[in-house]
Amino acid sequence: MDRGKVLDVLFVQGTRFFAWMVLLIILAVLFALGKGALPALEKFGPGFLTSSSWNPVTEDFGALVSIYGTLVTSIIAMLIGVPVSFGIALFITELCPVWLKRPVGIAIELLAAIPSIIYGMWGLFIFAPLFADHVEPWLNSRFAGVPLLGSLLTGPPMGIGMATAGIILAIMIIPFMTAVMRDMFEVVPDVLKESAYGIGATTWEVVRRVVLPYTRAGVIGGIMLGLGRAMGETMAVTFVIGNTNRIHASLLMPGNTISSSLANEFTEAVGEIYTSSLIALGLILFFITFIVLALSRLLLHHLSRQEGLRT
Amino acid sequence: MSVVMDTARFQRRKYLNIMVLCLSVLMTMFGLFWLVWLLWTLFSQGLPYVNSTLFFKATPPPGGTGGLANGIVGSLVLTVTGVLIGAPTGVLAGTYLSEFSRKSKIAPVIRFVNDILLSAPSIIIGVFVYEIVVVPMGHFSGWAGALALAMIALPVIVRTTEDMLRLVPDNMREAAAALGAPRWKVTTAIIYRAARSGILTGVLLAVARISGETAPLLFTALNNQFWSSSLNQPMANLPVVIFQFAMSPYDDWQHLAWAGALLITLAVLGLNIVARIILKTPKMRK
């Protein structure tokens, strides 16, 4: 073989090796987390998932509080984030004058570029006090005594808590969902929209009857992507959630998420079972986000391939 | 011929339409409102404490005077090391996916996994690197931090590299091959050159992404109150310093945290904007 051929084989196999590394990384993560979580999982068994105790002194641990917090904050984030993202995507694709499209699009994308820790500081020092002074007293007076909502939306006005965490998560995931929805809306063939306009449909009717049905899978994929992001978000939540290991009915009370437990306790954890329980939390988070993000990718797999350009 | 127009129904449709469109404008303003508020907060809280000591003095003990110099330098070292590990790996992996995997069955799986890694929680990477580097080494270290950052940069670079290489028209590959160039030469001398600005954009975005990352550094590089001279030691870095100082009860630490927060945000937003400009100007526009 001449030199060119040898280099060719080397180069192609070299690139293949590095591509395989991406795959190996995710397997290695799974393996390392599984190995680290083993002592805790052996000790507590499947009860780890349903136990709400978290006691470093007696070394009795369960994941329920953290899982609950992760789900509740993510649900709040989705309830706020999905309609807002939809509205923004609608504005950018259907309403916005052409000259304004790029600036608005970039401004929304910059929300995603701001580091998580900045959201956390802002949330703790600026947003939470305002929330405590102005929103929570109003919620208390408005919903006191109302069945169901009353227990959810009343509580001591502390500012920090699951509601605050959920709101901040919503702001953080808006850019991701908006970007996907916008890209989806933009690929709807003009002919479809024009024919709907042609028979007299209003803009909203075109969106509701033509654009949304056409892009349904992609829009759901975008929502799942936002959900995956919300569940794994760490620093912003760690600042504002309050970090207590109790399940409260009220959303205004502090709580904990999987990622905030890890961020707060991991370096301070002493003893094998404590550390192992935290790693087991990480493993659970890995599984949940993997499933959500995998679903999202399956729904989005034919989306324009520019995703990497968005951080 | 008489046209019976159901005016009530027409009015209702019209008002519903106007309402939805107004809501959509409101939502957009709602989204932009947070960006403005965040930036305003950063400037008003951080700007008064940005001065020369910030860049030249190490982090102070509570009550003392000092700056963030060790954190800034540490962050630069960690980010650069992370990118030096992540960028070549990512570019080569992206090259495989774009250039050499057309008949491969594993390539779609790799692409799928890479897309998941792109959005995977960064704290998981922190725990992973803790398990495979910090535990065997017995202590926190700059290397562990850089490795964690590299693993976060990797999927971003793989994805952009593949996207950018795919934008290069096949004619160029064929033309080079017809001249007798081997594949490695086609790729390195022709394709990389054509996609240069795109690949650079990906690397810059990866830098922007990892320079604000805090969660994976908590368990890897940790922090260091003093100048870190070696990547083998725990290393000061801006995000973790900000985290610790912001959570502290000391006023001057909190001031430093705000100043640091402003610096990081400006750096990250600046990188994002530069990356966009680079992507927009090149001769090879998609």
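Kindly indicate which of A:Gly218, A:Gly226 is modelled with pLDDT of 95 or more and at negative phi.
Values: A:Gly218 fails: modelled with pLDDT of 95 or more.
Of A:Gly218, A:Gly226, the one residue that is modelled with pLDDT of 95 or more and at negative phi is A:Gly226.
Select from segment A:243-278 the residues that are modelled with pLDDT under 90 and either buried (at least 24 other Cβ atoms within 10 Å of the Cβ) or charged (D, E, K, R) (or both) and list them in ascending order.
A:Arg246, A:Glu268, A:Glu272
Would you tally the residues in segment A:96-127 being assigned to a helix (DSSP H, G or I) and within 21 Å of B:Lys280 (Cβ to Cβ)?
16
B:Glu162: on the phi < 0 side of the Ramachandran plot, facing chain A (nearest Cβ under 10 Å), surrounded by 19 or more Cβ atoms within 10 Å (Cβ to Cβ) and not in a helix (DSSP H, G or I), yes or no?
Answer is no for this residue.
Determine, yes or no, whether B:Thr89 is among the hydroxyl-bearing types (Ser, Thr, Tyr) and within 18 Å of the chain's Cα centre (by Cα).
yes
Determine whether A:Ala112 is of a type in the set (A, V, I, L, M, F, W, C), crowded, with 23+ Cβ neighbours inside 10 Å and modelled with pLDDT under 95.
Answer is no for this residue.
Yes/no per residue for (1) over 30 Å from B:Gln45 (Cα atoms); (2) free of Cβ contacts under 8 Å to residues at least 12 places away in the same chain; (3) over 20 Å from the mean Cα position of the chain (by Cα):
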residue: A:Gly36; (1), (2), (3): yes, no, yes
residue: A:Gly47; (1), (2), (3): yes, no, yes
residue: A:Glu59; (1), (2), (3): yes, no, yes
residue: A:Gly87; (1), (2), (3): yes, yes, no
residue: A:Ile126; (1), (2), (3): no, yes, yes
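Cβ-Cβ below 9 Å, separation at least six or inter-chain, first residue in segment A:282-296 and at the interface with another protein chain (Cβ under 7 Å from one of its Cβ atoms) and surrounded by 19 or more Cβ atoms within 10 Å (Cβ to Cβ), second among the hydroxyl-bearing types (Ser, Thr, Tyr) and assigned to a helix (DSSP H, G or I): which pairs?
From segment A:282-296, the pairs are A:Gly282/A:Ser259; A:Leu285/A:Ser66; A:Leu285/A:Thr70; A:Leu285/A:Ser259; A:Thr289/B:Ser119; A:Leu293/B:Ser119.
Any residue at all in segment A:172-188 that is outside any helix (DSSP H, G or I) and either among the aromatic types (Phe, Trp, Tyr) or surrounded by fewer than 23 Cβ atoms within 10 Å (Cβ to Cβ) (or both)?
Checking segment A:172-188: at least one residue is outside any helix (DSSP H, G or I) and either among the aromatic types (Phe, Trp, Tyr) or surrounded by fewer than 23 Cβ atoms within 10 Å (Cβ to Cβ) (or both).
Going by the conditions given, is A:Leu148 surrounded by fewer than 16 Cβ atoms within 10 Å (Cβ to Cβ), within 30 Å of B:Leu218 (Cβ to Cβ) and out of contact with any helix residue (DSSP H, G or I) (no Cβ under 9 Å at 6 or more places or on another chain)?
Details: surrounded by fewer than 16 Cβ atoms within 10 Å (Cβ to Cβ): yes; within 30 Å of B:Leu218 (Cβ to Cβ): no; out of contact with any helix residue (DSSP H, G or I) (no Cβ under 9 Å at 6 or more places or on another chain): yes.
Spelling it out, it is not the case that A:Leu148 is surrounded by fewer than 16 Cβ atoms within 10 Å (Cβ to Cβ), within 30 Å of B:Leu218 (Cβ to Cβ) and out of contact with any helix residue (DSSP H, G or I) (no Cβ under 9 Å at 6 or more places or on another chain).
Tell me which of these B:Val168 doesn't satisfy, since it passes every other one: (1) more than 25 Å from A:Ser116 (Cα to Cα); (2) touching a helix residue (DSSP H, G or I) at 6+ places or on another chain (Cβ under 7 Å); (3) within 11 Å of another protein chain (Cβ to nearest Cβ).
Single failed check for B:Val168: (3).
May I ask you to verify whether B:Leu262 is over 20 Å from the mean Cα position of the chain (by Cα) and in a helix (DSSP H, G or I)?
no
Please go through segment B:171-188 and pick out each residue that is surrounded by fewer than 13 Cβ atoms within 10 Å (Cβ to Cβ) and either more than 10 Å from chain A (Cβ to nearest Cβ) or in contact (Cβ under 8 Å) with a residue 24 or more places away in the chain (or both).
Once the filter is applied, which keeps residues that are surrounded by fewer than 13 Cβ atoms within 10 Å (Cβ to Cβ) and either more than 10 Å from chain A (Cβ to nearest Cβ) or in contact (Cβ under 8 Å) with a residue 24 or more places away in the chain (or both), segment B:171-188 yields B:Asn171, B:Glu174, B:Ala178, B:Leu179.
Could you grab the pairs with beta carbons closer than 7 Å, sequence gap of 6+ or different chains, first residue in segment B:47-69 and basic (Lys, Arg), second one outside any loop (DSSP other than H, G, I, E, B) and modelled with pLDDT of 85 or more?
B:Lys57/B:Ala69
Which condition from (1) surrounded by fewer than 22 Cβ atoms within 10 Å (Cβ to Cβ); (2) touching a Gly at 6+ places or on another chain (Cβ under 6 Å) is the one that A:Asn140 breaks?
(2)
The values are calculated or read from the model by the stated rules, or taken from the named source; none is laboratory data. Just so we're clear, the structure is a prediction, and the values are computed from it rather than from any experiment. Positions of Cβ are generated from backbone atoms using ideal geometry, with glycine treated the same way; all protein chains shown enter the neighbour counts.
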